[in-house]
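As structure tokens, the structure follows; a few thoughts come after it.
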Amino acid sequence: MAPGERVTGNLPAELTSFVDRRDELAEARRLLAESRLVTLTGIGGVGKTRLALWAAAELRRAFRDGVWLVQLDQLREEALVAQAIAGALGLQDRAGYAPAETLAEYLAGRQLLLVLDNCEHLVDAAAELADQLLRAAAGLRVLATSREALNIAGETVLPVPPLPVPEAGQPLTAAQAGLFPAVRLFAERAAQVVPGFALTEANAAAVAGICGRLEGLPLAIELAAAQTPVLSPEQIDARLADRLGLLTRGGRGRPARQQTLRASIEWSWELCTRAERLLWTRCSVFAGGFELDAAEGICADDRLAAGRVLDLLAALAGKSVLIAGHREGVARYRLPETLREFGQERLRESGEDTALRRRHRDWHEQLARRADTGWLSPHIADLTARLFREHANVQAAQDFCQAEPGEAEAGLRIALHVWIFYYWGAGHVSEGRYRLGQVLARAGEPTVWRAQGLLLAGFLAMSGDRSAARALLEQGTGLAGRLNDPATRAFAA
């Protein structure tokens, strides 16, 4: 670089459109006006790099000495971060100078925006160098992207969320579906590979379903749209039960970590410690989210102490693996479905799958029993609220009982504990009849639980199928009489 030559930047030209991120774009610009270090965080494939590039491009005129992009995704050595930044700025190595010193000297007195892209695998080195350069150069601002924050003084973190999607099962016209950014992204990317593709009344529901199943994750949506030359939206939607197997056709211009959905997730996996990976794997047993006590009760054992679970959950949330939020005054955690599916694969490979699902079932059966027997407890309101928060987990526990040989009676017990809450109180009568029918067909032993299950199935059938109700009640009453169990006879009465 010639002395005195003015730096103008090295931002690449965008080849594809930027689908609606107006709020996040405005917030990134606002934060960069107030803070000298802004880090965009989020799950892999959520669009951190694209948002950073657009924000940087819009701010180009505000920086006299340019906006410079440093791509760190291909770098593996922390010791080379300074050289990577120097190379992006066009600086040559100088004998006797450390790269960090050369950078600090060069940046001092300049007004410049540095975009550090994909810092997560080099987070310690990137954080240390950013701190050093920001202290040395008052005119420097840094916009970083990472799956976890740099965690240094003066940093402002902007989480990048997935794109909004329609609610599951929501009936929408093509025009209404097109108002959702995730749906527009699919339609635009599909049109790039299938000329003439458009959102229509015939395919709107399938496209909305695809975006909902992929939870608004831009990378996954773009990979799904790349399948449209060979699959219709309806076929893609139907095949998304195997997200990791289907979404494997990234463009050649993508970084290796974004060629497939699996590659993006494996990148996050490699960034985790052994203990974090173990907890990620075990947390995949949960459906619809979970709370700390459940994670401690189900995931901890002699390999993973319960006292470590909270810190590991915080670490996974910090690395954008878990989503943490608050509901009804308590913290709840959730694995995005793509990461949960990946964790379930690892769980099956570990051989722990059945044992962990049984622990999950046992824990939620105990919760249901506490609510069922706690009617006069001062904690009944809290127990009831918790039981409703865990509805998806209770359903998963019942699925295990229906599928696993020898577990049907436990499924009967769960149904009998929760019926007053879910099936009767919340109006899920059809679900109750289905669950009871499944486990009664498998639990044929003449036990108290079978008798009570027959009686409850008959009671629930009364509102729609009186002949079936009568037969079930007769079977249940007869079995209760033969067992001569006072509680079951009272239940029959």
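For the reader, a short list of remarks on this structure follows.
- Failed item in (1) open to solvent by 70 Å² or more (accessible area, probe 1.4 Å); (2) in contact with a strand residue (DSSP E or B) (Cβ under 9 Å, 6 or more places away or on another chain), with PRO336 passing the rest: (1)
- Boolean, VAL165 is within 22 Å of THR8 (Cβ to Cβ), of a type in the set (A, V, I, L, M, F, W, C) and not in a helix (DSSP H, G or I): no
- Tally, over the range 140-173, of residues that are open to solvent by less than 20 Å² (accessible area, probe 1.4 Å) and of a type in the set (D, E, K, R): 1
- So ALA220, is it touching a residue at least 12 places away in the same chain (Cβ under 8 Å), in a helix (DSSP H, G or I) and open to solvent by 70 Å² or more (accessible area, probe 1.4 Å): no
Let's see how each residue does on (1) part of a helix (DSSP H, G or I); (2) within 21 Å of ALA331 (Cβ to Cβ); (3) without any contact (Cβ under 8 Å) to a residue 12 or more places away in the chain:
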{"site": "TRP363", "(1), (2), (3)": "yes, yes, no"}
{"site": "ALA368", "(1), (2), (3)": "yes, no, no"}
{"site": "ASP372", "(1), (2), (3)": "yes, no, no"}
{"site": "THR384", "(1), (2), (3)": "yes, yes, no"}
{"site": "ASP399", "(1), (2), (3)": "yes, no, yes"}
{"site": "GLN402", "(1), (2), (3)": "yes, no, no"}
{"site": "GLY406", "(1), (2), (3)": "no, no, yes"}
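Residue-by-condition table, conditions (1) modelled with pLDDT under 95; (2) closer than 14 Å to LEU367 by Cβ; (3) touching a Lys or Arg at 6+ places or on another chain (Cβ under 8 Å):
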| residue | (1), (2), (3) |
| --- | --- |
| ARG277 | no, no, yes |
| ALA294 | no, yes, no |
| CYS299 | no, no, yes |
| ALA306 | no, no, no |
| LEU310 | no, no, no |
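- Residue match in the range 427-446 (condition: of a type in the set (Ser, Thr, Tyr), touching a Leu at 6+ places or on another chain (Cβ under 7 Å) and within 28 Å of LEU383 (Cα to Cα)): no
- Filter pass, PHE459 being of a type in the set (A, V, I, L, M, F, W, C) and over 21 Å from ARG359 (Cα atoms): yes
Conditions (1) modelled with pLDDT of 90 or more; (2) acidic (Asp, Glu); (3) under 22 Å from ARG361 (Cβ atoms), marked per residue:
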residue: TRP424; (1), (2), (3): no, no, no
residue: ARG435; (1), (2), (3): yes, no, yes
residue: GLY444; (1), (2), (3): no, no, yes
residue: LEU455; (1), (2), (3): yes, no, no
residue: PHE491; (1), (2), (3): no, no, no
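- Considering the conditions (1) surrounded by fewer than 21 Cβ atoms within 10 Å (Cβ to Cβ); (2) assigned to a loop (DSSP other than H, G, I, E, B); (3) at pLDDT 95 or above, GLU128 is excluded by exactly one of them, (2).
- Among residues of the range 408-433 that are of a type in the set (S, T, N, Q), none has a beta-carbon under 7 Å from a residue that is in a helix (DSSP H, G or I) and open to solvent by less than 50 Å² (accessible area, probe 1.4 Å) at least six positions away or on a different chain.
The values are calculated or read from the model by the stated rules, or taken from the named source; none is laboratory data. Worth saying up front: this structure is predicted, and the values here are computed from it rather than measured. Using ideal geometry, Cβ is built from the backbone for each residue, glycine included, and neighbour counts are taken over all protein chains shown. These accessible areas exclude ligands, DNA and RNA; they are computed on the full protein's heavy atoms, side chains included. Shrake-Rupley method; radii C 1.70, N 1.55, O 1.52, S 1.80 Å.
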